[in-house]
1. Assign unit charges at the C-beta atoms only (+1 for Lys and Arg, -1 for Asp and Glu), then state the dipole size of the stretch B:15-255 relative to its Cα centre in Debye, rounded to the nearest 20.
2. Summing -39500 (n - 2.57) over the DSSP H runs of n ≥ 4 in the protein assembly as shown and dividing by its residue number, what mean residue ellipticity at 222 nm do you reach, to the nearest 500 deg cm²/dmol?
3. Translational D (Stokes-Einstein, µm²/s) of the stretch B:15-255 at 10 °C and 1.306 mPa s when Rh comes from the Kirkwood sum over C-alpha pairs?
4. Checking a compactness column here: for the stretch B:257-380, what do you get for Rg(Cα) / (2.2 N^0.38 Å), N being the number of residues?
5. Carbon and sulfur atoms: what percent of the 1.4 Å accessible area of the stretch B:257-380 do they account for?
6. Taking 0.36 nm per residue of sequence separation and subtracting the Cα-Cα distance, how much length would be gained by fully extending the chain between B:A86 and B:T237, in nm to one decimal?
7. Let me know the charge dipole size of the stretch B:144-296 about its Cα centre in debye, to the nearest 20, where only the beta-carbon of Lys, Arg (+1) and Asp, Glu (-1) is charged.
8. Can you give me the angle between helix A:101-121 and the longest principal axis of chain A, using Cα atoms only, in degrees from 0 to 90, rounded to the nearest 10?
Amino acid sequence: MYTDKVMDHFNNPRNVGEIENPDGVGQVGNPKCGDIMRISIRVGGGETITDVKFKTFGCGAAVATSSIATELIKGKTISDALGVTNRAVVEALEGLPPVKMHCSVLAEEAVKAAIADYYTRKGIDPVPIVGCDGKCESCRV
Amino acid sequence: MKVYADHAATSPLRREALDAMMPYLTERYGNPSSIYSLASAARRAVESARADIAGALGASESEIYFTGSGTESDNLAIRGALEARAGTGRHVVTSAIEHHAVLHTLQALEKRGAAEVSYLPVDEYGLVAPDALRDAIRPDTALVTIMTANNEIGVIQPIDELGAIARERGVPFHTDAVQAAGHIPLDARAMNVDMLSVSAHKFGGPKGAGALYLRKGVRLAPLIYGGGHERGLRSGTENVAGIAGMAAALKQAVTHMAEETARVSEAAGIVKAGLGAIPFARLTGHPEKRLPGIVSFVFEAVEGESMVLALDFGGICASSGSACSSGSLEPSHVLLAVGLPHEIAHGSLRLSFGPENTPEQARYVVQAVTDAVASRREMSPLWRDNKPAY
């Protein structure tokens with residue numbers, strides 16, 4: 001049912017854990033629905049994401065999408081990271097079953113929520129930059 | 001190590017079943033309905049299988065009808081009974097934890113106005129209360145359908161008692177015994193049932209063969225019309241090899257039930273004890289009234305599908321009633337019916353053992369599940385300071 005790439009990221013997830021004293025944290029999903037992703041980021045000079053870690057409660061696709069999302073944004077600038085869409089996540093995993101597409105959406109939302117939190121902590125309104133504040137109910141369906 | 005621990009999904013084909021099937025897949029290919037001798041051999045195989053299955057279920061030969069699956073047997077029983085009683089009532093009583101073969105059939109009938117269904121709740125162990133059935137039966141009740149044993153949590157219902165209530169009220173009673181047949185003793189008469197579904201591949205027979213016990217005198221309308229096979233109730237040339245394999249497998253399962261149950265119980269017992277020692281884990285279903293081979297647990301802060309994938313990596317075949325296996329966001333209706341909250345019901349794991357599983361395999365499974373739960377929790381945002389954080 002899953003591609004080799006998904007299974008690789010499931011069995012050897014990259015960047016698992018939580019950054020201590022992070023610059024931004026985003027958590028999306030809902031335990032009732034069986035998916036929760038939490039991404040924490042460290043942001044260095046030039047607004048570059050120098051480190052990123054994730055924790056995920058969820059199915060194989062949820063683990064794999066969060067893992068690859070951390071790879072896709074690590075070392076990137078925030079504006080590049082904001083360009084990582086759920087499509088990009090699916091492509092990087094060489095495909096996901098149709099019923100698992102929502103996991104890629106969650107991964108995109110988790111990244112955005114972490115970046116929104118980064119701006120909020122700095123006292124900058126994230127909405128014009130990220131498109132949302134990463135805290136509304138739509139990320140918690 | 002490789003461990004097949006998903007016998008409730010399907011079971012390995014028994015040697016005796018394959019041997020019984022081979023002649024009908026090779027030289028004895030005749031159509032049982034033809035009149036020459038090649039065909040008579042096939043007819044004899046079908047009828048002798050009918051006798052064997054009747055014997056194993058406490059029925060007489062004329063009460064066994066062959067179908068293509070347990071699902072088809074359930075459909076025939078439910079839709080056939082309602083159609084045969086059209087005009088006298090369309091109310092059906094069932095339980096909240098039926099297999100989808102029953103639930104989705106009833107839901108489809110409800111949708112088109114062909115049935116009105118009462119879903120009996122179950123207690124925390126998955127048991128239906130006989131009094132609840134007594135209260136639910138109405139003058140227009142046309143059918144009661146309650147499963148013998150549940151496929152996810154293994155709980156065994158008091159079918160004889162429930163069947164007696166329906167009979168007292170003159171309502172036909174069907175039981176989906178797909179998960180129970182060949183695993184616990186079944187006697188259709190003693191169970192007070194009018195219809196009982198079985199499926200060959202759950203007890204070491206081939207896939208694509210099922211049977212329905214239909215008590216003499218109980219009326220059903222067919223779902224499939226054609227050449228009038230199975231006394232007009234299920235047309236279509238008989239799956240001779242499948243039928244022969246099903247009968248051989250059931251005979252074998254029933255003959256060796258005591259020793260096989262002992263082996264299965266040993267493996268299941270080791271796993272039950274081992275998994276019970278994991279913190280924030282709980283057995284689902286009834287502690288005693290359960291199928292010997294099914295070990296079902298929920299692990300808090302862990303999602304089921306990811307556990308199944310992790311176990312597969314370790315060579316273990318298992319399953320989960322998690323939402324992710326079905327593609328919806330809803331966890332198993334069975335686990336919700338026994339009162340588990342959504343977030344915990346997502347963490348379900350079902351291991352189901354068969355007679356070929358060894359104690360050594362069982363110990364390997366305990367270690368693998370323990371490791372899988374620990375590694376899942378380590379990456380779970382719902383697990384903090386060694387406990388769930390919802």
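The values are calculated or read from the model by the stated rules, or taken from the named source; none is laboratory data. Being a predicted model, the structure only gives us computed values, none of them experimental. Heads up, the Cβs are rebuilt from the backbone with ideal geometry, glycines too, and the neighbour counts pull from every protein chain shown. To get the accessible areas, we keep the full protein, side chains included, count just its heavy atoms, and leave off ligands, DNA and RNA. Shrake-Rupley method; radii C 1.70, N 1.55, O 1.52, S 1.80 Å.
1. Computed charge dipole of the stretch B:15-255: roughly 740 debye.
2. -12500 deg cm²/dmol
3. Result for D is 88 µm²/s.
4. Expressed relative to 2.2 N^0.38 Å, the Cα Rg reads 1.01.
5. That fraction is 58 percent.
6. 51.5 nm
7. Here the size comes out at about 240 debye.
8. Computed tilt is about 20 degrees.
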